[in-house]
Amino acid sequence: MAESFRPETPDQLRDAVAWAVAEEIPLEIMCAGSKRSMGRPSNAERRLDVSALRGITLYEPEELVLSAGPGTPLADIEQTLAERRQQLPFEPPDLGPLLGGAAGAGTLGGAIACNLSGPRRLKAGASRDHFLGFSAVSGRGEAFKSGGRVVKNVTGYDLSKLMCGSWGTLGVMTLLTVKVLPAPESIRTVLLFGHGPAEAGAAMTAAMKTPYEVSGVAHLPAGLAAGSAVSHVSGAGRAVTAIRVEGPSPSVAYRCAALRSQLGALVETEELHSRNSVRFWSELRDVSPFAAAGDARCVWRISVPPKSGAQVMQRLIAGTGGEAYLDWGGGLIWLTVDAPVDAMHETVRAAIAAPGGHATLIRAPEPVRAAVPVFQPPEPGVARLLRGVKESFDPRGVLNPGRMYAEL
Amino acid sequence: MKMPEPDAAVIARKDEIAAALRGIVPGEGVIVNDDELRPYESDGLTAYRQPPLIVVLPETTAQVSRILRYCHDNGVKVVPRGAGTSLSGGALPLRDGIVLGLGKFNRILDVDYDNRCAVVQPGVTNLAISNAVGEEGFYYAPDPSSQIACTIGGNIAENSGGVHCLKYGLTTNNVLGLELVLIDGEIVRIGGPHLDAEGYDLLGLLTGSEGLLGVVTEVTVRILPKPETARALLVGFPSSEDAGACVAGVIGAGIIPGGMEMMDRPAIHAAEDFVHAGYPLDVEALLIVELDGPESEVDYLIGRVEEIAKANNAVGLRISQSEEERVRFWAGRKAAFPAVGRISPDYYCMDGTIPRGRLPEVLSRMAALSQQYGLRVANVFHAGDGNLHPLILYDANEPGELEKAEEFGADILRLCVEVGGVLTGEHGVGVEKRDLMPAMFTEADLQQQQRVKCAFDPKSLLNPGKVFPTLHRCAELGRVHIHRGQQRFPDIPRF
Ligand SMILES: Cc1cc2nc3c(=O)[nH]c(=O)nc-3n(C[C@H](O)[C@H](O)[C@H](O)COP(=O)(O)OP(=O)(O)OC[C@H]3O[C@@H](n4cnc5c(N)ncnc54)[C@H](O)[C@@H]3O)c2cc1C
């Protein structure tokens, strides 16, 4: 078992990285470890556990800003925010159960480092859109910071964007600042029953083009809808297309009615109110349809132009024999395939070649993740830039080497 | 303001460089005469002027690629330029460098309503995008006051904002993809109509990189369906504290308005004298709060904001009853810069951001500075997100006044940083705030940023002299400093 360092202060963390740099010893960077089985497997000799750097250091509800250590559990942050009727707008998923672990283990550092966002991403933006600033230690063993604690800031390069989604390969964050937003007064979901994929695609596109500020647009084929814990969904016996509306109560009621009359003319409709809405969207967010205990199939997360989502999904299901559903108005496909050797990566990536986009292997046995490109292989020009960026932060490759791409 | 020492050898090669560029861009696209270069000598920060060596106006990405490769191979510096409205000197030319103008990249290439995006060339103006999609009921949300003139390429470079950014985000939150030409001529494409980046978020890095990393030749932006309706409240307050408390109250109540703008007394008076928008003149602060969305939502929220305003000592509260009246409420705010321009021979526009709660303190310290420097200041404020635009009034014909205004401005920005804010909220660092960067960043912070620059432009030929106070060579920045001896760090807990 590799030795772990568990610094309790940013200075200790800097010393640990400086030591690794001097000795050229690669480090596996981790928080709670809830996403350890995502990405390419690590072969680092030592582990740098940042989970002791935890706690909210600043929360000013009226400034819409919160700072916390990377090891702060998301659950703590969400609870603190809820007390002031606020939330993390990007709706970070809890992929613990999907990855065979416990629920509720995720941290702020993990959510930002992996740029994971839930269904509201299509309206509110991704975690990268709410990440305002950070302090970190680079792969040179140097403490540095970027960004700030105000929403509007263009002072210098926006390195927060690079850190968000860098999977710990550029720097080890010691403090993060995010923008928070008021939680909606009311949440409802319009359900449209019985769409085939093509009709679902058309309905989702139409919903996205309305002025009703929809904050979630998804489609579950009949087989997956049946597994929902929300009875209106599981009991439908048909495919379900879902459209979420959030905001002040009178507005939500008005917009739901408008959506039902515009999109529900030909199909049966239903409405989920607050608690059922929350439960339904957290199932989609956490990929619950593929998270049942014992389900070991490979899982892909595929981002495509939203309009092509339904068609690509059909092609993927036909080509892989797997199961899939759509989120982000069609722009996000969650696919599971029973392919324990190669995760059918060639079929998956071929399916998105024409519309464009990217596919990430989220769950797969370790040997598969070592052998198959987990992240979308970049074009050569982009690959060169990614390498240059990596070298600028971590020239000796001590921070999570190979976690994203073999050569980074 | 010291710019990098011009390279006399490059200046001496002007004819040769011009001939090479003519081989790439035929006809009138290469400008060499002093008279014709003059219009390019400054951008919106007119205090700084420097005619470039040559201006080149390519029309295709292939030409941009060949120009950059030529400049790279021949050690010629390049300053990209959109409409030249930058307020931070981002497009200020260099005596020994070419200006690469993107004005001819002015076509909207594709509008894809189903994917809610538009693909445009970088020289398209911000407003032209909204105009192009308006008939279908869509718009492009970020709306800088300069939107008639400024280009989307410039918006990307500066990560520009506007009054609607509080609810809809800055440029960076509304861009989906780019085509970029690197200094060595390589063309790369990043993003597209799909969401999120593969690999590192280069799109996010490039947005706001002030023309230092590459030349943007195509942009994919998010377009949004227009809200069904919008209405505004116009509210006066007896003090900036009251106005600030009202803003905090609105956000604390869970309301994120489409726009929330504040003006102080001098700005109110200047704007009212100029456009007669009907602003109250006996108040210390004026707030415009705009709500947008479905009518039922707007009516409901207007009522709630009205209550909050009244609880914070509002005077002369008005609610727009028609589209015409809403536009009139905004007219004064939108004309605030030219309005201030009328009451002073010159003005200098600052752009710091502060934590909103510190506003009263910052305003009162600014008033003290105003006394100290003997220069008037008017304030317009993106109140929702803490972005301040103090306008310092001065007369450039009075010897020493420009310098005094600049020092006053620098003190204001240092004050912003001191209270937890930043040097620039939306106008960029450029040359203007370059030397103030150490007020916010340590040398290690700045060096890390410069190393990223090295990954894109190792010879530092793209827009040098901007953003970074000290130019380091990439080789020097690349060195790893090892601190042996401290390695064993016994105090770090391990298991
Ligand atoms: C009256 C007035 C009001 C303004 N109001 C606002 C406001 O409300 N909000 C706001 O944010 N800004 C505002 N600005 C500032 C300015 O308009 C913005 O910064 C704008 O984005 C600049 O666009 P531009 O096309 O004029 O770019 P330029 O001034 O030509 O260039 C700006 C920077 O972008 C780079 N650049 C330009 N095009 C490209 C390209 N294709 N590829 C790479 N780099 C490029 C240049 O090198 C330079 O560094 C205002 C300016 C004025 C004069």
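Among the listed residues B:E186, B:E136, identify the single one that is in contact with a Gly (Cβ under 9 Å, 6 or more places away or on another chain), at pLDDT 95 or above and among the acidic types (D, E).
On the way: B:E136 fails: in contact with a Gly (Cβ under 9 Å, 6 or more places away or on another chain).
The conditions single out B:E186.
Scan the stretch A:363-407 residue by residue and report those that are under 21 Å from A:T347 (Cα atoms) and either facing chain B (nearest Cβ under 8 Å) or basic (K, R) (or both).
If the condition is that a residue be under 21 Å from A:T347 (Cα atoms) and either facing chain B (nearest Cβ under 8 Å) or basic (K, R) (or both), then A:R363, A:R369, A:F375, A:Q376, A:P378, A:E379, A:M404, A:Y405 are the ones that fit.
Please name all residue pairs, on different chains or six or more residues apart, with Cβ atoms under 6 Å, provided the first residue is in the stretch B:447-465 and is in contact (Cβ under 8 Å) with a residue 40 or more places away in the chain and within 13 Å of chain A (Cβ to nearest Cβ) and the second residue is in a helix (DSSP H, G or I) and surrounded by 20 or more Cβ atoms within 10 Å (Cβ to Cβ).
B:V452/A:S392
Sort through B:L87, B:L100 and tell me the only one that's touching a strand residue (DSSP E or B) at 6+ places or on another chain (Cβ under 6 Å), within 14 Å of another protein chain (Cβ to nearest Cβ) and within 11 Å of the ligand (Cβ to nearest atom).
Within the list B:L87, B:L100, the selection yields B:L87.
From the list A:S215, A:S186, A:S231, which one is touching a helix residue (DSSP H, G or I) at 6+ places or on another chain (Cβ under 9 Å), more than 10 Å from chain B (Cβ to nearest Cβ), open to solvent by less than 30 Å² (accessible area, probe 1.4 Å) and farther than 17 Å from A:L263 by Cα? Even if it seems obvious, please write down each step before you answer.
Values: A:S215 fails: farther than 17 Å from A:L263 by Cα; A:S231 fails: open to solvent by less than 30 Å² (accessible area, probe 1.4 Å).
When all the criteria are applied, what remains is A:S186.
Only one of A:A296, A:A265, A:A354 is assigned to a loop (DSSP other than H, G, I, E, B), surrounded by fewer than 17 Cβ atoms within 10 Å (Cβ to Cβ), within 22 Å of the chain's Cα centre (by Cα) and not acidic (D, E). Can you tell me which?
A:A296
Quick one: in the stretch B:124-160, which of the residues that are near the ligand (Cβ under 6 Å from one of its atoms) and open to solvent by less than 20 Å² (accessible area, probe 1.4 Å) is farthest from B:K453 (Cα to Cα)?
B:P144
Please pick out the residue among A:D15, A:D76 that is surrounded by fewer than 20 Cβ atoms within 10 Å (Cβ to Cβ) and assigned to a helix (DSSP H, G or I).
On inspection, the qualifying residue turns out to be A:D76.
May I ask you to say which residue of A:G110, A:G101, A:G133 is surrounded by 20 or more Cβ atoms within 10 Å (Cβ to Cβ) and over 12 Å from the mean Cα position of the chain (by Cα)?
A:G133
Exactly one of these conditions fails for B:G82: (1) within 14 Å of the ligand (Cβ to nearest atom); (2) touching an Asp or Glu at 6+ places or on another chain (Cβ under 7 Å); (3) more than 14 Å from chain A (Cβ to nearest Cβ). Give me its number.
Failed condition: (2).
Scan the stretch A:1-23 residue by residue and report those that are touching a strand residue (DSSP E or B) at 6+ places or on another chain (Cβ under 7 Å) and under 18 Å from A:R54 (Cα atoms).
Answer for the stretch A:1-23, where residues must be touching a strand residue (DSSP E or B) at 6+ places or on another chain (Cβ under 7 Å) and under 18 Å from A:R54 (Cα atoms): A:S4, A:F5, A:R6, A:P10, A:L13, A:R14, A:A16.
Give the stretch A:39-51 a look and list any residue that's of a type in the set (A, V, I, L, M) and buried (at least 23 other Cβ atoms within 10 Å of the Cβ), or say none.
Answer for the stretch A:39-51, where residues must be of a type in the set (A, V, I, L, M) and buried (at least 23 other Cβ atoms within 10 Å of the Cβ): A:L48, A:V50.
Got a number for residues in the stretch B:465-495 being assigned to a loop (DSSP other than H, G, I, E, B) and either modelled with pLDDT under 65 or of a type in the set (A, V, I, L, M, F, W, C) (or both)?
Number satisfying all stated conditions: 15.
Only one of these conditions is not met by B:L68: (1) over 17 Å from the mean Cα position of the chain (by Cα); (2) open to solvent by 10 Å² or more (accessible area, probe 1.4 Å); (3) more than 30 Å from A:L122 (Cβ to Cβ); (4) within 14 Å of another protein chain (Cβ to nearest Cβ). Which number is it?
Here B:L68 clears every test but (2).
Looking only at the stretch A:142-183, count every residue that is at positive phi and more than 7 Å from every other protein chain (Cβ to nearest Cβ) and tell me the total.
3
The values are calculated or read from the model by the stated rules, or taken from the named source; none is laboratory data. Since we're looking at a predicted model, the values are computed, not measured. Virtual Cβ from ideal backbone geometry, glycine too; neighbours counted across all protein chains shown. Keep in mind that these areas ignore ligands, DNA and RNA; they rest on the heavy atoms of the full protein, side chains included. Shrake-Rupley method; radii C 1.70, N 1.55, O 1.52, S 1.80 Å.
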